[in-house]
1. With the condition kept exactly as written, say whether any residue in segment 225-235 is surrounded by fewer than 14 Cβ atoms within 10 Å (Cβ to Cβ) and either in contact with a His (Cβ under 6 Å, 6 or more places away or on another chain) or assigned to a helix (DSSP H, G or I) (or both).
2. Go through segment 148-199 and give me each residue that's modelled with pLDDT under 90, part of a strand (DSSP E or B), under 12 Å from Lys97 (Cβ atoms) and among the polar types (S, T, N, Q).
3. So, Ala202, is that one surrounded by fewer than 15 Cβ atoms within 10 Å (Cβ to Cβ), in the same structural domain as Gln169 (by TED's automatic domain parsing) and closer than 30 Å to Thr166 by Cα or not?
4. Find the residue count for segment 53-89, including only residues that are in contact with a helix residue (DSSP H, G or I) (Cβ under 6 Å, 6 or more places away or on another chain), among the small types (Gly, Ala, Ser) and in a helix (DSSP H, G or I).
5. Could you say which residue among Val120, Val100 is in contact with a Ser or Thr (Cβ under 9 Å, 6 or more places away or on another chain) and either touching a residue at least 12 places away in the same chain (Cβ under 8 Å) or closer than 30 Å to Arg266 by Cα (or both)?
6. Of the residues Gly154, Gly216, Gly206, which single one is touching a helix residue (DSSP H, G or I) at 6+ places or on another chain (Cβ under 9 Å), farther than 17 Å from Ala252 by Cα and not aliphatic (A, V, I, L, M)?
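The values are calculated or read from the model by the stated rules, or taken from the named source; none is laboratory data. On a predicted model such as this, the values are computed, not experimentally measured, just so you know. Positions of Cβ are generated from backbone atoms using ideal geometry, with glycine treated the same way; all protein chains shown enter the neighbour counts.
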Amino acid sequence: MMRVSTAGERHVNHRFSIAILGRHMTSIKTNSSAMTALRSLQTTNKMLEQTQNRISTGYKVSTATDNAAYWSIATTMRSDNKALATVQDALGLGSAKIDVTYTGINASIEVIDEIKSKLVASREPGIDRSKIQDEVNQLQDQLIAIADSASFSGENWLSVDSGALTYVQIKSVVSSFTRSATAVQVETIDVDTASVELFDAADQTGILDSVFLTTGAGAFSVSVTTLDITAIGADDQDIDDMISNVDAKLAAMTTSASDIGAIQKRMSNQMEFVSSLIDSIDRGIGVLVDADMSKESTRLQALQTQQQLGIQSLSIANASSQNILALFRQ
């Protein structure tokens, strides 16, 4: 049997509902709880979007809006690193030229040493000097071939033509890129090729094609690559002068090789320094702008939980306004 509420009971229930809802102002126009929950959810969504962006890009500062100062520093240093990478390539190219030049000089020293030994042997009484000269001729041709082939990227520092319009005696190799408070500067390592030139087609002033005068009966004006111990009139004094001058050329080439070796070592050290500098700048940029992925992944999970709770809180706040309808039920 259905029970019908009396007027008195309905009056009591009505007063009870008013007591519950009357603790706070209730409005169908403004839902303060929902607005608070919405602001909280919007803040969580914004932080979640930021964290997801950091995880996807790997950067905590990927644009100027993230941190203008750090972004500016990182952008400048990345540009400098690109310049340093170019310097590294230039050093590699210059080092290759130095290596080729050193290899050519070193090979020439061995050949000159052989020529010197043949000249000394020719001073032995009764020896067939024509046979020795045949060997010397082959060694002389070998010297020219070595100098001509010691070329890299179109540059040859051993066999030159100082009369050519394109001739440059001082070769410069880019060695570093520096930035000060007011300017940037490119520094170079300079190499004076005059001290390593073996042949000069313009005026024969190279180490091996420069002429010297013997003081014997023949009084020959010859160079290392043109001397001939079988020439008419050549005597022991002429050969002794040839030996002496060849030995002087050997000493000059040894000095040149030492100079080139020192430059080679300097460039090798500079290449290692530039490489280390690039790595250091990369690490410095990383400290400024890279995201801590372990930290961001933990933060992502926390924010996802907060987002779910925020959505639930907003749903509850929106649903609470439905309680107003209870005041109008009969």
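1. No, the conditions are met nowhere in segment 225-235.
2. Within segment 148-199, just Ser172 meets the criteria.
3. Answer is yes for this residue.
4. Residues in segment 53-89 being in contact with a helix residue (DSSP H, G or I) (Cβ under 6 Å, 6 or more places away or on another chain), among the small types (Gly, Ala, Ser) and in a helix (DSSP H, G or I): 1 in total.
5. None of the other options fit; the residue is Val100.
6. Gly216
This table checks each residue for (1) under 28 Å from Met35 (Cα atoms); (2) loosely packed, with under 14 Cβ neighbours inside 10 Å; (3) touching a His at 6+ places or on another chain (Cβ under 7 Å).
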residue	(1), (2), (3)
Ile260	no, no, no
Gln264	no, no, no
Met267	no, no, no
Ser275	no, no, no
Asp279	no, yes, no
Arg283	no, yes, no
Lys295	no, yes, no
Ile316	yes, yes, no
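Conditions (1) in the same structural domain as Gly94 (by TED's automatic domain parsing); (2) touching a residue at least 40 places away in the same chain (Cβ under 8 Å); (3) hydrophobic (A, V, I, L, M, F, W, C), marked per residue:
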| position | (1), (2), (3) |
| --- | --- |
| Ser275 | yes, yes, no |
| Ile281 | yes, yes, yes |
| Gln306 | no, yes, no |
| Leu314 | no, yes, yes |
